[in-house]
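A short write-up of the structure that comes next.
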C-alpha cells in the first residue's frame, strides 16, 4: 500500500478519535494531548497530500504525453503512406513516359496503351490480361494484333473483352514469330516460345552458313506465318538477343535467345491497332 494511502487512513482514524473525545465531557486535557500527539501525523498527511498531488499531476502529464505520442505516430504512418503513394505515382508516370516513347519511335503505328491487370495463375499458358480506360470513341481491338513494350515485342492478342484483352506472350510454346538477325548476313528464321527454366525463346530454321554471334539482336521480320492471313507484328521490333548456338542434326542452325522484355515485371503495354493513314 502506498505511503499517501496509509497517511490518509491514519488521519481519518485520528479525526474520528478526536471527534469522540470532543463529545465526552471532562476530557479537555486528553483532547489537547491527543491533538499534540497527532501533530506530526497531520504534517505528514499534508506532505503526503502534496506527494499525492504531484503523483496525480505526473499521471496526467503521462496521459498527455501518451496521447501526443499516438498523434505523432499517426502522422508518421500517414506520411509513410503518402510517400508510398507518391512513389507508385512516379513509377507509373515513368512507365507511361516510356510507352509514349514508343509513339516517337514508331510514329507510323496506331497504338493503344493498356495496363497489365492479370496473369494466368496456372502457368499452363503464358498469358497476360490487359485493360484500357473507357473511351468516348472506342478503338477496336481484334484477335491477332501485336502487343509491344518499350523494350520490345510482348505477344499477340488472342481474346477480346469489353475494355480488356488476353495476350499470348512470345515465350509461350504456342507462339511463333518471323524474325531476322540484325547483322551483316541478316538471316531469317522463326522464333518460338520455349517456356522452361532458363532460356525462354529459340530461333529455328536459320541457314547453316549464316553468321550468328552471341549478343546479336533478333528483330521481327514482318513476314506472314500460318495460320494468320497477315503478319500482325510490324518489322523491326526487338525480340531478343542471341544467347548461344544449339547444334542440330539437320540443314538449319538453331539459337537460343534472351527476350528483350522482362515479362515478370511487365506492367504496361501498347497494342498495335494498325498503321496510321499517310
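The values are calculated or read from the model by the stated rules, or taken from the named source; none is laboratory data. Treat the numbers as computed from the prediction; the structure is a model and nothing was measured. Here the Cβ is made from the backbone with ideal geometry for all residues, glycine too, and neighbour counts use every protein chain on show.
Table for the structure above
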read-out	value
Strands (runs of 3 or more DSSP E) completely within region 122-220 that count 2 or more residues being over 20 Å from residue 109 (Cα atoms) and under 25 Å from the mean Cα position of the chain (by Cα)	127-131, 164-169
Matching option when the condition is buried (at least 16 other Cβ atoms within 10 Å of the Cβ), closer than 15 Å to residue 192 by Cβ, out of contact with any helix residue (DSSP H, G or I) (no Cβ under 6 Å at 6 or more places or on another chain) and modelled with pLDDT of 90 or more, among 237, 271, 242	242
Single condition residue 62 does not satisfy, out of (1) over 26 Å from the mean Cα position of the chain (by Cα); (2) at pLDDT below 85; (3) surrounded by fewer than 10 Cβ atoms within 10 Å (Cβ to Cβ)	(3)
